[in-house]
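Here the structure comes first, spelled out in structure tokens, and everything after it is commentary.
The values are calculated or read from the model by the stated rules, or taken from the named source; none is laboratory data. Computed from a predicted model, the values in this text were never measured in an experiment. Don't worry about glycine lacking a Cβ; one is built from the backbone with ideal geometry, like all the others, and counts go over all protein chains shown.
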Amino acid sequence: MGRPAAAAASGLAIVLAIALRLALFPFAENKHGDAPMRALIAERMVLEPASAAVPRTYCQFGPLHTTLMRPFIAADARASRSSRYLSLLAGIAVLFPFLAFARRLVGEPGAALATFALALSPLHIQASTTAASEALYLLLWVCALERLLAALAAPGRLRTFAVAGLLASLAAVTRYDAWLALPVVALATLIFGRQGNDRRALLPGLAVFALCAASLPLAWLAWGARVGGDPFFFAHYIMTDHAGLGADVAGRFGPLLGRARQLGVWTLAFVAAMTLPGAVGAAIALARGWRSWRSGGGVGSPARGALDTNMRIIAVAALAPPALYLARGLLLQSFEPLARFALVPGTLLLPLAATVVPPARARVFRVAVAATAVAFSVVVWLVATVGRDRIWAGAESMGAVTRLDDEDRALARWLRANRPAHEPVMIEPLAFAEIAIAHAAGVPWTESVTLIVTREPSATAAESMNTTGARFLVGYDRPGGWPRRLPDWPRADVQIGRWRVARRGN
């Protein structure tokens with residue numbers, strides 16, 4: 001494929017990506033990936049601007065994403081939609097720096113294939129149409145790495161290192177994955193060096209990069225210590241959440257099956273992020289690179305499959321965080337993998353996947369990417385939604401579109417129509433579904449009892465309402481659910497699917 005044809009293919013991939021994201025945006029809803037919780041936090045900061053000056057308002061999340069969501073929410077009263085505008089813009093904007101990033105790694109034809117795979121990535125489409133933070137994080141991280149590669153091509157230009165570091169710093173206060181990846185990237189760059197260049201020439205640039213990258217994280221820690229008294233409050237949230245999730249999985253599946261499940265979730269997550277051909281291609285390229293390294297093939301080695309310096313750095317940057325997560329999950333069972341954790345590493349590896357596609361097979365690769373992306377999204381949707389006793393409801397978190405269950409959406413509509421302003425609601429936290437329902441119903445974080453007071457009811461419905469101030473008590477009719485646990489649950493309640501709503505006084 002000549003350069004003009006490859007450039008045209010890249011342009012078509014970008015057009016396809018934009019069209020898909022715009023077309024699916026109206027149908028997506030905030031359900032998975034902490035999207036509804038991030039939206040509730042941003043909404044609270046719009047309603048109560050003073051809350052933005054309290055570090056713990058941000059819970060376990062980096063501050064940049066929710067901060068940038070605020071203007072969109074403030075400008076549009078339909079918060080369930082406005083909270084997703086930032087992700088849509090970031091999901092579209094990333095295509096351009098990603099194309100430049102891929103060109104630096106594999107040239108124009110390979111960059112076109114990688115961009116096409118990103119265009120159809122089910123997980124990236126989901127991130128681009130919901131209020132999750134991955135779309136913004138990917139944009140900043142790709143921009144940072146593209147500028148770092150540009151700096152390595154001209155190590156005397158310290159300004160480029162500084163720009164890369166500042167972009168990485170913004171990424172680090174968006175998601176904490178960057179706190180793991182940044183030291184590894186700097187170390188990998190120092191170890192691998194630049195082909196034909198003295199490694200010592202890189203030291204000033206890497207120092208500038210590291211200082212700039214550390215600036216905002218250090219400021220965030222200092223602010224947390226000064227205002228909240230605990231600079232690592234967010235880490236305590238994260239560790240507690242994942243330890244609890246890991247313990248639940250270990251208790252449900254046992255130690256052996258629980259560990260095998262970790263491997264399965266990560267595998268499916270990378271397929272969701274890269275499409276099946278992209279994931280297989282990257283695995284083949286990494287295996288070839290490993291064999292070349294084991295056989296003594298160094299940087300620039302003519303050995304088949306050898307990875308050049310830039311590709312080695314990017315591979316390390318992509319794989320370091322998930323490797324640490326996986327080790328923690330397998331060894332300690334204190335980490336629960338979520339599909340979205342594979343989006344950024346999978347995207348960074350797409351140019352590597354393109355290296356195993358012969359030019360004559362480029363069309364076959366594109367067809368395979370399109371077919372498997374559609375098939376994967378359909379299959380995970382069926383697994384997650386068909387039948388009352390579903391195979392695996394969490395499978396939907398890997399698909400292109402996430403939507404509330406019908407009864408959850410109906411409950412949210414009823415609450416939006418019947419809840420007087422400022423009346424607290426206590427919804428049974430059924431697999432965290434109450435967060436998405438509260439967001440869709442327009443119930444602010446500060447008026448959702450399970451998020452600010454307690455996640456457990458008292459012995460009776462009346463006592464639960466009195467002690468929490470809840471005007472509405474919502475339970476899910478199942479063995480062990482609130483309606484069956486509370487002896488005074490009113491018979492004249494409102495039933496929406498298996499949700500039952502008790503109002504104060506009924």
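All but one of (1) in contact (Cβ under 8 Å) with a residue 12 or more places away in the chain; (2) closer than 29 Å to residue 83 by Cβ; (3) exposed (fewer than 14 other Cβ atoms within 10 Å of the Cβ); (4) not β-branched (Val, Ile, Thr) hold for residue 492; which doesn't?
(2)
Any residue at all in segment 228-246 that's in the same structural domain as residue 375 (by TED's automatic domain parsing), within 21 Å of the chain's Cα centre (by Cα) and of a type in the set (Asp, Glu)?
For segment 228-246, residues in the same structural domain as residue 375 (by TED's automatic domain parsing), within 21 Å of the chain's Cα centre (by Cα) and of a type in the set (Asp, Glu): present.
Give me the pairs: first residue in segment 23-48 and outside the structural domain of residue 82 (by TED's automatic domain parsing), second residue aliphatic (A, V, I, L, M) and outside any loop (DSSP other than H, G, I, E, B), beta-carbon distance under 8 Å, and six or more apart or on different chains, which are they?
Pairs that qualify, where the first residue is outside the structural domain of residue 82 (by TED's automatic domain parsing) and the partner is aliphatic (A, V, I, L, M) and outside any loop (DSSP other than H, G, I, E, B): there are none.
Among the residues of segment 179-198, write down those that are over 14 Å from residue 154 (Cβ atoms), out of contact with any Leu (no Cβ under 7 Å at 6 or more places or on another chain) and modelled with pLDDT under 90.
191, 192, 198
Please work out which one of (1) surrounded by fewer than 19 Cβ atoms within 10 Å (Cβ to Cβ); (2) not in a loop (DSSP other than H, G, I, E, B) is the condition residue 390 fails and give its number.
Looking at each condition in turn, residue 390 falls short on (2).
If I go through segment 248-293 residue by residue, how many of them are among the polar types (S, T, N, Q), more than 25 Å from residue 335 (Cβ to Cβ) and touching a residue at least 40 places away in the same chain (Cβ under 8 Å)?
The total comes to 1.
For segment 402-449, what are the residues that are over 21 Å from residue 126 (Cα atoms), assigned to a helix (DSSP H, G or I) and of a type outside the set (A, V, I, L, M)?
407, 413, 414, 416, 418, 445, 446, 447 - these are the residues of segment 402-449 that are over 21 Å from residue 126 (Cα atoms), assigned to a helix (DSSP H, G or I) and of a type outside the set (A, V, I, L, M).
Give the number of residues within segment 38-89 that are in contact with a Ser or Thr (Cβ under 8 Å, 6 or more places away or on another chain), closer than 20 Å to residue 217 by Cβ and hydrophobic (A, V, I, L, M, F, W, C).
Residues that pass the stated criteria total 4.
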